[in-house]
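Notes follow once the structure below has been shown.
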Amino acid sequence: MARDARVSKKAAAMALAAVAGMSLTSIPAAAAVRPTARQPVETAPGIPKPPTGLSALSWLVADADTGNVLAAKAPHRRLAPASTIKTLFAVTVLPKFSSGTVRRVSTADLAGLGSGSSVVGVKAGRRYTVDDLWRGVFLRSGNDAVHVLAAMNGGWQKTAQEMEQNARRLGARDTTVKSPDGYDAPGQVSSAYDLTVFARAGLANADFARYCGTTRARFPSVGGTPIENSNRMLAGSHGVPRYPGIIGVKNGYTSKAGNTLIAAARRNGRTLLVTVLNPRSKVANSVYKEAGSLLDWGFRSAGTAEPVGTLHAVQSGHDGQPLLPAAAQADAAGIHPGSPWRPALVLGAGLAGAAIVGLAGLLAMGRRVRGRSE
């Protein structure tokens with residue numbers, strides 16, 4: 001069985017280092033502010049305005065290390081997420097199964113796969129490791145791989161319910177899950193805010209960080225099938241250059257959602273997250289271009305002024321305990337792929353002199369982003 005993912009040790013180390021400084025401090029959730037019409041883009045005083053010409057219905061720029069939101073447009077607008085919801089699927093299911101667990105796929109595992117779904121090529125009757133399946137999820141956005149993992153997790157509906165429960169635990173209130181793979185379904189929605197929260201939570205897990213940062217791998221078939229990450233900003237493909245410092249996270253597309261993207265990049269010791277939902281521009285690769293321009297702006301502006309809001313901190317892992325950033329996990333004894341997040345709270349893990357943030361300061365920043373839909 002082919003399992004030779006093309007990820008260098010250097011690339012893996014960069015992915016872990018990128019989340020080493022994450023501040024996963026628990027912040028009490030404030031009351032949600034629902035979207036209303038014609039809300040302008042929000043930036044804090046003293047920060048240059050974000051780039052012009054952005055056409056996305058909703059977007060958000062956040063500092064992954066601190067959870068500070070630097071700017072946003074309609075961050076709580078509820079929109080179809082497409083495959084970016086797979087970040088929440090991974091946050092929910094990834095800790096449950098060791099990467100070496102083998103599944104013999106049945107016809108029932110693949111039942112209900114939506115017409116026109118993106119697939120990686122899972123075949124009934126074949127055996128796949130969990131590691132194979134997660135590469136199929138992250139690189140090829142394989143809905144077939146999601147169906148198999150959901151079957152292992154107890155079924156489609158059970159997995160959707162667990163995803164929603166996880167979303168609420170993370171402070172994400174805009175998300176309703178009907179289809180764990182992101183396939184369009186009535187009532188399935190999320191927001192730029194929630195999706196950024198899910199990506200930040202996922203990057204606290206070493207396996208999530210590794211999978212979402214893998215550019216190329218081989219998927220089991222006769223001779224092994226080469227697969228490339230469909231995130232063009234990561235793979236540097238289809239006319240999109242690889243973004244400097246990119247470490248993941250997930251892209252998506254459906255006819256209802258349009259193009260969607262969560263991107264994370266690391267430069268000069270700072271990790272930024274950008275989520276872009278449904279650009280209306282007809283320009284090719286607009287979701288990647290708009291995400292890139294927002295990342296560029298974020299790296300120029302980060303740390304220069306007060307944030308407009310904060311992400312709800314990652315409050316707990318699947319076992320109800322606080323999370324440990326991935327770099328600290330990698331150093332912990334006895335950690336293996338597929339391990340749950342460690343129950344510990346770390347601020348600035350892996351950096352000399354971890355910063356202790358005062359509760360009063362956290363509460364002062366604990367407001368939700370005030371963005372609303374247009």
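Calculated FRET efficiency, K96 to T52, Cβ-Cβ distance, R0 = 45 Å: about 0.50 to the nearest 0.05. On full extension, the segment bounded by T176 and V41 gains 46.1 nm, given 0.36 nm per residue less the C-alpha separation. The packing ranking, built from the mean of other Cβ atoms within 10 Å per residue, places the peptides 85-98, 119-132, 265-278 in the order 85-98, 265-278, 119-132, highest first. Excluding same-chain neighbours fewer than eight residues apart, the lysines reachable from K86 by a Cα-Cα span under 24 Å are K73, K96, K123, K158, K178, K250, K256, K289. The modelled label-to-label distance for the pair V283/A111, using points 7 Å beyond Cα in the direction of Cβ, is 4.7 nm. Semi-axes of the equivalent ellipsoid for segment 140-282, computed as √(5λ) from the eigenvalues of its C-alpha gyration tensor and ordered from largest down, come to 23, 20, 16 Å. In whole angstrom, note down how far apart the Cα centers of segment 217-261 and segment 151-192 are. Each part's Cα centre sits 22 Å from the other's.
Taking 7 Å steps out from each Cα toward its Cβ at N268 and R216 produces label points 3.2 nm apart. Between K123 and S237, the simple spin-label model (points 7 angstrom out along Cα→Cβ) gives 2.1 nm.
The numbers here are math on the coordinates, done by the rules we state, and not lab data. These figures come from a predicted structure and were not determined experimentally. All Cβ positions, glycine included, derive from the backbone under ideal geometry; neighbour counts span all protein chains shown.
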